[in-house]
Structure formats: C-alpha cells, structure tokens
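I have placed the structure first, in the form of structure tokens, so that the comments after it can refer back to it.
The values are calculated or read from the model by the stated rules, or taken from the named source; none is laboratory data. Owing to the predicted nature of the structure, the values given are computational and were not obtained by experimental measurement. FYI the Cβ positions are ideal-geometry reconstructions off the backbone, even for glycines, and counts take in every protein chain you see.
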Amino acid sequence: MSEPAQDLAGADLIPTLSPEETAAIEEECSHLPDRESAAIDAMMIVQRERGWVSDASLAAIARLLGMSVAALDSIATFYNLIFRQPVGRHVVMLCDSVSCYVMGADTLRKQVEEHLALKMGETSADGRFTLLPIVCLGACDRAPTMMVDEDLIGNVSAERLAETFKGYE
Amino acid sequence: MAEGNGKTPAEAPLIGVIEAVGGAVGLAAYESHEGYAAARTALTSMTPAEVIDLVKEANLRGRGGAGFPTGIKWSFVPQGDAAGSGPKYLVCNADEMEPGTFKDRYLLERNPHLLVEGMILGAWAIQASHGYVFLRGEYHAAYRQLQDAIDAAAAKGYLGKNIVGSGFDFELRIHRSGGRYICGEETALLNALEGKRAQPRQKPPFPPASGAWGRPTIVNNVETFCNVPAIIRNGAEWYHELGIGDDAGTKLYGVSGRVKQPGLWELPIGTPIREIIEEHAGGMQDGYALRGILPGGASTDFLVAEHFDLAMDYGTIQKAGSRMGTGTMILMDDSICPVDMCRNLEHFFAQESCGFCTPCREGLPWVEQLLIDIEEGRGKEGDLELLDRNAAFIGGATNTFCLHAPGAIEPLASALKYFREDFEEHIRTGACRYR
Ligand SMILES: Cc1cc2nc3c(=O)[nH]c(=O)nc-3n(C[C@H](O)[C@H](O)[C@H](O)COP(=O)(O)O)c2cc1C
Ligand code: SF4
Ligand code: FES
C-alpha cells in the first residue's frame, strides 16, 4: 500500500466529499463561467450536509474547484454563515439589530443565555445547541426574533423559551 | 401584515393578488390574475427599447434604498454589437439585510412569480441571457417558494429557451448568500456572486458597463422588479396616478417598534409619515410616546416630531435631511435611550464593515467604543466633539470606498443633532436615566 499523497489538497482527502455533494457542486459549476465562482455555493452545499466546513472538507472543495486551500479559506472566513468550527445539532441565532433592540432584545439575550446555559458563540456540552447573534432577520414587525436552524421565530417570549426550544432535540 | 388590507390588484399591484388569494400565490392563481400577461405582451409585441421607455416614463425608482430611476439605469446597458460577445446578466438584490427592513421577504415568500415576471421583463429590456437572484442565506422559506416558482415557470415555458414562443432565452438561478450586510452593496454583491469575498469594487466602471464576470449587468431590488409587470400591462399614466406627490406608484411601507400593530402595507408612494404610523400601525402602544424615527432602515438619519407630517417620498424626506431608504421605519419611543440605540446601530455597522478602508474599519469601532463609554457612565468632556469629528470624517462620502460608512454615520450624526441633551446629560451625570 502506498502512502497517501502529501500535498495540501491530497488525493486522500477527495473521498471526504460524498457523490451527492460532488454532483451538487458540479451542477453549480455547470451554470457558472468558471469553477472558482462556485466557491461559496460549494461550501454551503457541504455545510448543509455536515453542519460545518472542516479542514478536510475545505481541502476537498478547493481541489474539486481547482483553487488553493488558502484562497478558499479566505472566502470561508469572510462569510458569517459559513462555519469553520463544528456546531451543535441545532443553531440558535438571536437577532441583535435595531428593531429587536427596541423591543427588548438585549434583555432577551441574557434570558436565552441563561435558559440554554450558554454564552454567545458557545455550543452546549451535549452538542444540542450552538448560540449565535445574527443581524436583522427581516421580521422586525414580529420583534424580537430568532432563527433555530431553518425556522424563523417571531415575538420571542422569555416566558415561553422552554416551549420554543422543545422540538429541537 | 399586509394581508387583510382588502386592496385590489388595481390599487395594490404588489400585494393585491396576495390579498385576492389570501396567502401565497401559486402559478395557476398568478396566471388567473393577469400573471405573465405582461411578459407575453413585451416579448412578442414590444421592442426592448419600448419596454425601457415605458419604465422610464412611469418614473419607477429603485426600491433598494437609493431611488435611482430604473429605466434610466437599464438604458445604460450596451445593446447589439456594442455589448461585445458573451452574456449580459440581470441580478436581483434579495439580500435584504438593512436592519429594520422586512419587505422583500414578504414578496418573495408570497408572490415569487411577480418577481420572476419582473425579471423576465428586465431581461428582455437589457437582452440578458442569464439572471440570478442573490438571496439572503437565512431566507429559507423564501428560497423554497422562489425555487418552486422558477421550476413551475420553466415548466410552463416562461423561463429557459424560447420563452412564450418569442425566440428569447433567459435562464434564472438563485444564489444563496453566505451572509454579511455588505453583500447588499451592488458591486460587493457581484464579487460574492463570483464566489469571492464580498468587497466592493472600484466605480467606474459601473455594472451596466462591466459587472458580473466583467459583462454588462443590471442589479435591482426585489420590490423594484415587482413593480414592472403592472407598468407594462397598465401603462405609465396609470402608474403615475397611483402615487400622491412627485413620485409614481405604490410603496411597501413598514413600521416596527412600540406601535399597536407593527406591519407592512402597500400604500400610494408619498403617504404622510403620521398616517402610516397612526392609521396603519395603530399609533403608539399605551404608555409610550414617539420621539424619533429612522424612516427607511438603520442607515437613514433620524427624523423627529417636526417631520411627522411630511410625505414619505424620495424628495421630501431628502429635503428633511434623511432618506426614504427602504421605506420601512423604525420607531424610537421614550423608553429608549438615544445613546444606547446609537450604540446598537454602530455595533452593527462596525461589525459589518468589509475592512477594506481605514475610516470605516477603524473609525466605526472607535465610535462604537465612545458610545459604550458614554452610555456606561465613562464619558469625558470632549467626547461629543470627538464623535462629531469622527462623524464628519467617516460620513464624508469621498473618504471611503463605498457608501457603507456614510450610511453608518447617518443615524449617529442626526442623533447628535436632535438628541444632544441626552448625550450631554450622560457625560455630565455619568449615568443613563433609562437604565
Ligand atoms: C452597504 C450597502 C448595503 C446595501 N444593501 C442592500 C440590500 O440589502 N438590498 C438592496 O436591494 N439594496 C441594497 N443596497 C443598495 C444597492 O447597492 C443597489 O443600489 C440596489 O440594489 C439597486 O437596486 P434598485 O435600483 O432597484 O434600488 C445596499 C447599499 C449599500 C451601500
Ligand atoms: S466603506 Fe467600509 S464597507 Fe465600504 S469598502 Fe470601505 S471598509 Fe468596506
Ligand atoms: S431587527 Fe430583528 S428582525 Fe429586524
């Protein structure tokens, strides 16, 4: 058995993309003038499957798109919705922008932190939740708001937090 | 929300069909309310120049914040041989990240075919072969609705090759964003669309000359495109009559904050601020008084009591020293500390700076820190003058590479003017009376 290739985006890393992920990325590439243009789409595709973009995933994507790992990482780290660290099974994003602020988001933040026993940016020990701040979710008429995974939740009430989080195990 | 206004499609071209259907509008319902009739008319019996002229005559102005006349923007795109070889691009800015703004999501989730038809018309006008909707990453429901609409429209021959038998081809795809407010700035958006970091580009060249992948490109807001089908169907004169003052058409106005019924309404453009707040949003909640508003999102200057009878249109709000922006206003009531509200706003703008130029990258965090210090009782004599100076430097439109920094300073500079005693009191007493 030969040693795996040692270059940064080594051949041994290619299998870290599933055939479905590779196909979805290739589909994006086929609609774009060049492969590098699919960089963000590709990372989002992998993250939707795996929850985050690991170093191995990053290298595999870079190789598939024909770009350097460093260039791809510089793009990854620009975007707040691309996670370069593992996250919990559910990501809670609490709006901290102005309409929610006016409707008590700063107090709510403390209450959510207390309820989940997490500070902003942390993941619970059992891996259930990651808590993050997010900017205006475009539902300011229902402030304060948050997003849990893909669900937008308006009129978040501190009294009903247990109920709100119940479905997310 | 806008539902239940009881408006007809003739009075409310943006939400009328949503009202008629009572919720999200599918393809069959859309078609039964004249849907895709404008696309059929334009692609089979109007020249691109005729479409552009009609949009110009209608005086449709961009609903993304700046109010640039849409028909004029479209006319900057080179046509025929002058365009060189390769595709032209039509891009919809559905990034909606201006804090306090919640209008585009409403249209995307409830009437996605209206956007698709608006984009077909825009594509015909500038002869674009490829279109993208640049969609906020967090807008999952909007993504599902819009993707379904695109698939249904393609299956029915409204997208793809030889649209409605006209010989015109237009492919429409969605780009789901990776986040960051600066992606809404149209040249940063183009970099993001190309898979790069969303740093704004040097202008000129402007996108109509050189945009996505170096090709002629038009970027318009969701609400802007959604205005186009009814203009093509009903004409410029009809569109003018919808508006009240100098501007034409309707506008999605929104109110958030401590009102009885926060929400979104499609009203004649130029509806007075007071009417929007009192009649539509139901006035302030009991026990709260209104002190100021940000009329069109976080990056617009505060307006105060003396302005509340003004018409919400581009010219009037600009004359009052602010901007209509996105038309969704944020209310500051008397339980809110103006210094702390500015701290919240400047935290957002400092965090969302792309980091390219110094006044924005370094100045905004400095401003935020000064505001934190003042709010927390550590303000010093001279801090207000320092804020004034920073506001002037950062806000000077030519000191930074894009308009993020000037926009960031608008609420602060106006708060320093209208609520100065609050700032002074914090420094004098070392305390915040709102805490
Ligand atoms: C920092 C910044 C953020 C912006 N964000 C948005 C946005 O989220 N949505 C939008 O439509 N326009 C946004 N704009 C305005 C766009 O640059 C552009 O003017 C607009 O999309 C043009 O469309 P319109 O002419 O139809 O209004 C932003 C501008 C700046 C400077
Ligand atoms: S003004 Fe701010 S956001 Fe705009 S280019 Fe400069 S650093 Fe980037
Ligand atoms: S400010 Fe929180 S949803 Fe808009």
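When you check B:Gly283 against the structure, is it more than 16 Å from ligand 2 (Cβ to nearest atom) and under 21 Å from the mean Cα position of the chain (by Cα), yes or no? Against the criterion (more than 16 Å from ligand 2 (Cβ to nearest atom) and under 21 Å from the mean Cα position of the chain (by Cα)), B:Gly283 does not qualify.
Among residues of region B:352-383 being free of Cβ contacts under 8 Å to residues at least 24 places away in the same chain and part of a helix (DSSP H, G or I), the one that is nearest to ligand 1 (Cβ to nearest atom) is B:Arg361. Evaluated against (1) touching a strand residue (DSSP E or B) at 6+ places or on another chain (Cβ under 7 Å); (2) surrounded by fewer than 20 Cβ atoms within 10 Å (Cβ to Cβ), B:Gly327 falls short on exactly one condition, (2).
Taking each residue of region B:399-423 that is more than 16 Å from ligand 1 (Cβ to nearest atom) and looking for partners that are polar (S, T, N, Q) and at pLDDT 95 or above with beta-carbon atoms closer than 9 Å, six or more apart or interchain, yields B:Ser414/B:Thr300; B:Ser414/B:Ser322.
Taken over region B:302-341, the residue count meeting the criterion of being within 14 Å of chain A (Cβ to nearest Cβ), more than 12 Å from B:Ile276 (Cβ to Cβ) and of a type outside the set (Phe, Trp, Tyr) is 13.
Residues that are within 16 Å of ligand 3 (Cβ to nearest atom) and within 7 Å of chain A (Cβ to nearest Cβ) within region B:181-219 comprise just one, B:Tyr181. Against the test of being modelled with pLDDT of 95 or more and outside the structural domain of A:Glu21 (by TED's automatic domain parsing), the options A:Val69, A:Val156 yield a single qualifying residue, A:Val156.
Would you call B:Glu138 within 14 Å of ligand 1 (Cβ to nearest atom), without any contact (Cβ under 8 Å) to a residue 60 or more places away in the chain and among the acidic types (Asp, Glu)? It is true that B:Glu138 is within 14 Å of ligand 1 (Cβ to nearest atom), without any contact (Cβ under 8 Å) to a residue 60 or more places away in the chain and among the acidic types (Asp, Glu).
Residue selection: A:Val98 fails the criterion of being buried (at least 21 other Cβ atoms within 10 Å of the Cβ), of a type outside the set (Ser, Thr, Tyr), farther than 30 Å from B:Val259 by Cα and within 14 Å of chain B (Cβ to nearest Cβ). Being within 16 Å of ligand 1 (Cβ to nearest atom) and either touching a Ser or Thr at 6+ places or on another chain (Cβ under 6 Å) or modelled with pLDDT under 95 (or both) is a condition met by at least one residue of region A:91-100.
Taking the numbered list (1) within 14 Å of another protein chain (Cβ to nearest Cβ); (2) closer than 20 Å to B:Val25 by Cβ; (3) within 13 Å of ligand 1 (Cβ to nearest atom) in turn, B:Pro99 passes all entries but (2).
Scanning region B:167-214 for residues that are of a type in the set (Lys, Arg) and within 16 Å of ligand 2 (Cβ to nearest atom) yields B:Arg180, B:Lys196, B:Arg197, B:Arg201, B:Lys203.
Applying the set (1) over 30 Å from B:Asp422 (Cα atoms); (2) within 16 Å of ligand 2 (Cβ to nearest atom) to B:Asn234 leaves exactly one unmet item: (2). All conditions but one from (1) among the charged types (D, E, K, R); (2) assigned by TED's automatic domain parsing to the domain that holds B:Pro216; (3) at pLDDT below 95; (4) under 23 Å from the mean Cα position of the chain (by Cα) apply to B:Glu3; the one that does not is (2).
I'd like to know if region A:113-127 contains one or more residues that are in contact (Cβ under 8 Å) with a residue 40 or more places away in the chain and either buried (at least 22 other Cβ atoms within 10 Å of the Cβ) or within 16 Å of ligand 1 (Cβ to nearest atom) (or both). No, there is no match, as no residue in region A:113-127 is in contact (Cβ under 8 Å) with a residue 40 or more places away in the chain and either buried (at least 22 other Cβ atoms within 10 Å of the Cβ) or within 16 Å of ligand 1 (Cβ to nearest atom) (or both). The C-beta contact set for region B:48-69 (first residue touching a residue at least 60 places away in the same chain (Cβ under 8 Å) and away from ligand 2 (no atom under 16 Å from the Cβ), second residue among the charged types (D, E, K, R) and assigned to a strand (DSSP E or B), distance under 8 angstrom, 6+ apart or interchain) comprises B:Arg63/B:Lys251; B:Gly67/B:Arg61.
Within the option set B:Ile218, B:Ile232, being assigned to a helix (DSSP H, G or I), among the β-branched types (Val, Ile, Thr) and at pLDDT 95 or above holds for one residue only, B:Ile232. Checked against the criterion of being within 16 Å of ligand 3 (Cβ to nearest atom), hydrophobic (A, V, I, L, M, F, W, C) and either facing chain B (nearest Cβ under 8 Å) or closer than 22 Å to B:Arg176 by Cα (or both), the candidates A:Met67, A:Met147 yield just one match: A:Met147.
Within region B:384-398, the set of residues being within 26 Å of B:Cys354 (Cα to Cα), in contact with a Leu (Cβ under 9 Å, 6 or more places away or on another chain) and away from ligand 1 (no atom under 16 Å from the Cβ) comprises B:Leu386, B:Leu387, B:Asp388, B:Asn390, B:Ala391.
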